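The values are calculated or read from the model by the stated rules, or taken from the named source; none is laboratory data. Keep in mind the model is a prediction, meaning the values are calculated, not measured. Positions of Cβ are generated from backbone atoms using ideal geometry, with glycine treated the same way; all protein chains shown enter the neighbour counts.
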Amino acid sequence: MQKYLKQVEAVCPNHLERSKVLVNSFLSGPGPKLQHHLLERRQKMVNWATEWWLDDMYFSIPLPLPININPGLALRPKKFSNQQEAAIFLARFLMELLNYQETLDRKELEVEYVKTRDGKRMQPLCMAQHYQILRLYRKPGEVRDEHIVLDRTTSGDHIIVAHYNQFYSIPVRASDRGRITEMEMIQQLLKIMETPADPRTPPVGILTTSSRPIWARARQELLKNEQNRHNLELLERCLCIVCIDEDVLPVTFNESYKKNDCWINDRDYANVLHHCLHGGGSRYHGANRWFDKTLNVILGKDGMWGMVYEHSTGEALAISNAFETLTDNVDAMQPLEENLVPSHLPSPEKLEWKLSDRSLNDIREAIASFDSLVEDLDLCVLWFDDYSKEFIKACKISPDAYIQLALQLTYFRLHGHLVATYESASIRRFAAGRVDVIRAASPETLAWVKAMCQGDPELQNDTQEEGTKRGQQIKEFFDLAVQRQTNEIADNINGYGIDNHLIGLRYAAKEMGEGMPELFNDEAFQIVHHFSLSTSQVTTKNDAIIGYGPVVPDGYGCCYNVRKNAIIFSISAFHSDGRTSARKFAQTVESSLRDMAEMLKNAQSTR
Ligand code: COA
């Protein structure tokens, strides 16, 4: 409760007095009983928080999955000189994915550990989410979504390929003949790749972009027909969706901050991230996806290689690590020596739909709402390479704490106040643990960002002595903010974050049927949970662009990938808000990081 009040103090100080009163009446009223309920729950369950957290974070949120929920990731593009080479790459990736799936089936995944700074293993991390990623399907619900747990005896032995909005099923393993060979996989993929677009193909995949209750109702309509039921069964029970996109997104989707940033031809990083997140809407590849499925891997016509994944099954690192490792394995393979030989397997099954007028109308409505969501997304990618984590470490500061403070300074510079800030903290030290929330907005951060901003113009009129003194004061505020942020990280990853706990108390109140305590219905509580800055560190093995949309209409999404010599920021906002701008945020992050380095260098020289 004290930590909660610190949040109120940082983001809505005018509510502080009332919040203190509400906290006191909670502590002397329903609080202890609810806490006791949690303690009892802890005795009965492996993890008292995760099920409620999953409901609160994902299943009860009606928003469409693309942009709002599902993150996108792009690795460096592949270079193919013809379609055959693309099919070989994809087939090899899928063979590697089958190997990975078999490792999971045998429960042989190497356990990850928390390590000391010199690399010594300390504590094992829960691997449950790794095992469930390929085994869960997110089914839409009119009230709330749910996971379908896929039984390996009836699922995961075929893949679905999406090409020109048409879905195909390729069986990859059968009990009578074992696993498909690499050569057979190549041939099956080529058969699909060589099939031209058919303008009559209904873009059924677009239905998965609707808000969850709307999609749930549209799915019920599809299920009335037996052929559609069969298709849905195949889509839901497949190992993954492979999206082969036969077009690129136009340069109107470009918006990287530094010009001539380019991985592929005219595209920039923002363009590639747009492609991963939503496929460019219905005019491009938005229907060439099945967003409910955890893994949609995407191969673009120009070699773009990435994925979009459903988030409720696991965190980015579990998924991106596997994706990168499998890609690395393929990249390390020798070119295929043998000539391609025709396979005798039956052609991949084409999923034909029988659509009622109502379903056709559902599709039209899904197209309209998805396209306006796509148009609203404002993305900008900043590849900051002035310095990276080694400089920050040399200053004896946690790089993650430092970057979070840079984001706080950025938000304050743009909007003149701090906001509730979300950063995912892995709690995999606990069985079935997912994440809690590192909250970077704090009274200490506020004091520092105010000092930074007040200092800027005035410093120019300062005498040298005054300037030095002011610089020292700012550095003192900064040290306090760093200290507090470092403790906040440690608290969260060790299970002392406040967000899972508050969710638990709220759900306990619901479960006990005694009415919601006033504290949780108060405006301050809503403000403290309105995450206008939603951030996450996703550091990959290789260069990668990763991002997601804002979680509130007036917010920013900010994902950062800490490279050896750079930090890649993917920033998102919504154009319709009018007050936010991904580009301005990116520009300001860059100046904040430069100013902070300057501040540290000045502090060192005046010591
Ligand atoms: N002085 C010098 N070095 C320091 C330091 C200090 N005061 N504090 C930390 N470091 C070092 C660390 O030892 C580490 O060294 P390494 O480069 O050898 O690994 C490095 O700086 C990075 O540490 P830090 O920046 O503190 O962060 P972290 O790597 O421990 O990550 C979190 C912090 C919160 C991001 C991490 O714990 C976490 O939860 N990650 C998961 C996030 C997630 O789930 N994202 C996906 C959501 S979908």
Testing TYR496 on (1) assigned to a helix (DSSP H, G or I); (2) within 16 Å of the ligand (Cβ to nearest atom); (3) over 20 Å from the mean Cα position of the chain (by Cα), one condition comes back false. Which one is that? (1)
Which condition breaks for ASP491 when tested against (1) crowded, with 18+ Cβ neighbours inside 10 Å; (2) under 23 Å from the mean Cα position of the chain (by Cα); (3) in a helix (DSSP H, G or I)? (1)
Mind checking whether some residue in segment 519-534 is under 22 Å from the mean Cα position of the chain (by Cα), part of a strand (DSSP E or B) and either surrounded by fewer than 23 Cβ atoms within 10 Å (Cβ to Cβ) or at pLDDT 95 or above (or both)? yes
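Out of all the residues in segment 420-436, which are of a type in the set (A, V, I, L, M, F, W, C) and buried (at least 23 other Cβ atoms within 10 Å of the Cβ)? Quick ask: steps written out before the conclusion?
Of all residues in segment 420-436, those of a type in the set (A, V, I, L, M, F, W, C) come to 420, 425, 427, 430-432, 435.
ALA420, ALA425, ILE427 - these are the residues of segment 420-436 that are of a type in the set (A, V, I, L, M, F, W, C) and buried (at least 23 other Cβ atoms within 10 Å of the Cβ).
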Can you find a residue in segment 454-473 that is within 17 Å of ALA10 (Cα to Cα) and touching a helix residue (DSSP H, G or I) at 6+ places or on another chain (Cβ under 9 Å)? no
Name the single residue, out of those in segment 516-541 being away from the ligand (no atom under 16 Å from the Cβ) and of a type in the set (S, T, N, Q), that is nearest to VAL8 (Cα to Cα). GLN526
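Might you check whether a residue that is farther than 30 Å from VAL143 by Cβ, in a helix (DSSP H, G or I), touching a helix residue (DSSP H, G or I) at 6+ places or on another chain (Cβ under 6 Å) and among the acidic types (Asp, Glu) occurs anywhere in segment 179-202?
Going through segment 179-202, the residues farther than 30 Å from VAL143 by Cβ turn out to be 179-201.
Checking the rest, the ones that are also in a helix (DSSP H, G or I) come to 182-193.
Restricting the remaining residues to those that are touching a helix residue (DSSP H, G or I) at 6+ places or on another chain (Cβ under 6 Å) gives 182, 185-186, 189-190, 193.
Next cut, among the acidic types (Asp, Glu) only: 182.
The answer is yes; a qualifying residue exists.
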Count of segment 543-564 residues which are modelled with pLDDT under 95 and more than 13 Å from the ligand (Cβ to nearest atom): 1
Among the residues in segment 48-63, are any over 23 Å from SER572 (Cβ atoms) and either assigned to a strand (DSSP E or B) or among the aliphatic types (A, V, I, L, M) (or both)? yes
Residues being closer than 25 Å to ALA49 by Cβ and more than 12 Å from the ligand (Cβ to nearest atom): count how many of those fall in segment 440-458. 2
For segment 109-129, enumerate the residues that are loosely packed, with under 13 Cβ neighbours inside 10 Å and near the ligand (Cβ under 10 Å from one of its atoms). LYS115, THR116, ARG117, ASP118, GLY119
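Is it true that some residue in segment 328-347 is among the small types (Gly, Ala, Ser), under 23 Å from ASP499 (Cβ atoms), more than 16 Å from the ligand (Cβ to nearest atom) and in contact with a Lys or Arg (Cβ under 9 Å, 6 or more places away or on another chain)? Steps first, please.
Let us first name the residues in segment 328-347 that are among the small types (Gly, Ala, Ser), namely 332, 343, 347.
In the following step, the residues that additionally are under 23 Å from ASP499 (Cβ atoms) were identified as none.
So far as segment 328-347 goes, no, none of its residues is among the small types (Gly, Ala, Ser), under 23 Å from ASP499 (Cβ atoms), more than 16 Å from the ligand (Cβ to nearest atom) and in contact with a Lys or Arg (Cβ under 9 Å, 6 or more places away or on another chain).
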Verdict on ALA573 being in contact with a Gly (Cβ under 9 Å, 6 or more places away or on another chain), among the hydrophobic types (A, V, I, L, M, F, W, C) and not in a helix (DSSP H, G or I): yes
Check whether at least one residue in segment 392-414 is crowded, with 20+ Cβ neighbours inside 10 Å, under 21 Å from the mean Cα position of the chain (by Cα) and β-branched (Val, Ile, Thr), and report yes or no. yes
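Inspect segment 139-154 for any residue being surrounded by 19 or more Cβ atoms within 10 Å (Cβ to Cβ), modelled with pLDDT of 95 or more and within 30 Å of GLU246 (Cβ to Cβ) and give the result as yes or no.
yes
Specify which of the listed residues (SER356, SER343, SER388) is among the polar types (S, T, N, Q), at pLDDT below 95 and surrounded by 13 or more Cβ atoms within 10 Å (Cβ to Cβ). Before you say what the answer is, go through the steps one by one.
Working: SER356 fails: at pLDDT below 95; SER388 fails: at pLDDT below 95.
SER343 is the lone residue from the list that is among the polar types (S, T, N, Q), at pLDDT below 95 and surrounded by 13 or more Cβ atoms within 10 Å (Cβ to Cβ).
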Selection within segment 30-47 - touching a residue at least 24 places away in the same chain (Cβ under 8 Å) and part of a helix (DSSP H, G or I): GLY31, LYS33, LEU34, GLN35, HIS37, LEU38, ARG41
Would segment 311-319 turn up any residue that is surrounded by 20 or more Cβ atoms within 10 Å (Cβ to Cβ) and more than 16 Å from the ligand (Cβ to nearest atom)? no
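Condition test on ILE170, is it crowded, with 21+ Cβ neighbours inside 10 Å and more than 23 Å from ILE67 (Cα to Cα)? I'd like the intermediate steps shown before the answer.
On the way: crowded, with 21+ Cβ neighbours inside 10 Å: yes; more than 23 Å from ILE67 (Cα to Cα): yes.
So ILE170 passes the test.
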Confirm whether GLN404 is in contact (Cβ under 8 Å) with a residue 12 or more places away in the chain, among the polar types (S, T, N, Q) and within 16 Å of the ligand (Cβ to nearest atom). yes
Of all residues in segment 458-474, which are among the charged types (D, E, K, R), surrounded by 13 or more Cβ atoms within 10 Å (Cβ to Cβ) and at pLDDT below 75? ASP462
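Do you know which of the residues in segment 264-299 that are assigned to a strand (DSSP E or B) and modelled with pLDDT of 95 or more is farthest from the ligand (Cβ to nearest atom)?
Filtering segment 264-299 down to residues assigned to a strand (DSSP E or B) leaves 264, 267, 293, 295-299.
From what's left, modelled with pLDDT of 95 or more: 293, 295-299.
Details: LYS293: 18, LEU295: 15, ASN296: 16, VAL297: 18, ILE298: 19, LEU299: 23 Å.
So, considering only residues that are assigned to a strand (DSSP E or B) and modelled with pLDDT of 95 or more, the one farthest from the ligand (Cβ to nearest atom) is LEU299.
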Quick check: is even one residue across segment 7-29 touching a residue at least 60 places away in the same chain (Cβ under 8 Å), more than 32 Å from the chain's Cα centre (by Cα), loosely packed, with under 15 Cβ neighbours inside 10 Å and part of a loop (DSSP other than H, G, I, E, B)? yes
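For every residue, the table says whether it meets (1) touching a residue at least 40 places away in the same chain (Cβ under 8 Å); (2) more than 11 Å from the ligand (Cβ to nearest atom); (3) among the charged types (D, E, K, R); (4) touching a Gly at 6+ places or on another chain (Cβ under 8 Å).
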site: CYS380; (1), (2), (3), (4): yes, yes, no, no
site: PHE384; (1), (2), (3), (4): yes, yes, no, no
site: LYS393; (1), (2), (3), (4): no, no, yes, no
site: ASP400; (1), (2), (3), (4): yes, no, yes, no
site: GLN408; (1), (2), (3), (4): yes, yes, no, no
site: ARG413; (1), (2), (3), (4): yes, yes, yes, no
site: GLY416; (1), (2), (3), (4): no, yes, no, no
site: ALA420; (1), (2), (3), (4): yes, yes, no, no
site: ALA425; (1), (2), (3), (4): yes, no, no, yes
Exactly one condition in (1) in contact with a Lys or Arg (Cβ under 9 Å, 6 or more places away or on another chain); (2) touching a residue at least 60 places away in the same chain (Cβ under 8 Å); (3) hydrophobic (A, V, I, L, M, F, W, C) is false for VAL149; which is it? (2)
